[in-house]
Every structure is written in C-alpha cells, then in structure tokens.
Amino acid sequence: MADHIEIQKNSREVFRISRGEFRGNDMVNIRVFYQSEGGDKLPGKQGVAIKATLLPEVLDAVQSLMSEGAA
C-alpha cells in the first residue's frame, strides 16, 4: 500500500493525500506540495487534516456539492 497518493493541481503543484496518526487520532492529511527549484517536492502552507472517522461525512458533503453543480 502506498504511503500517499498525489493528484496534480497544476504544472508545479500536487495535492498529496496521506494517512497518519496525531495525538492518538487516525487522520487523513491533504496538503499542497510544490516543486522546488532543485526538483524536490516540498510541503506548502495549504492543507487540512481530517479525523478519519469524519471522512465519510466529508465525502458525502463533497458528493452533494458535486451533484448540485451538475444540475
């Protein structure tokens, strides 16, 4: 299993989605990484950490917004 998944945001940035633990909580982290001049991917300031237990509710909310946009 991969330690993270990346989704291309634009030509220089990706959304990096990973799962980890913080203070005993199972977390899903989504952070923007950018390409440095040296070619390394570095974490940017933008990101969010969501308790894994809340993820179904977050995904339902996103799906609801996507459905409204298609109507």
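The values are calculated or read from the model by the stated rules, or taken from the named source; none is laboratory data. All values derive from a computational prediction rather than experimental measurement. FYI the Cβ positions are ideal-geometry reconstructions off the backbone, even for glycines, and counts take in every protein chain you see.
Numbers for the structure displayed
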read-out	value
Residue in segment 2-9 that is in contact (Cβ under 8 Å) with a residue 12 or more places away in the chain, exposed (fewer than 10 other Cβ atoms within 10 Å of the Cβ) and out of contact with any strand residue (DSSP E or B) (no Cβ under 6 Å at 6 or more places or on another chain) present	yes
Test: residue in segment 24-36 that is part of a helix (DSSP H, G or I) and exposed (fewer than 10 other Cβ atoms within 10 Å of the Cβ)	no
Among the candidates Arg16, Arg12, residue that is modelled with pLDDT under 95 and surrounded by 10 or more Cβ atoms within 10 Å (Cβ to Cβ)	Arg12
Flag for Met27 being over 12 Å from the mean Cα position of the chain (by Cα) and not small (Gly, Ala, Ser)	no
Hey, Arg12 touching a strand residue (DSSP E or B) at 6+ places or on another chain (Cβ under 7 Å) and charged (D, E, K, R) or not	yes
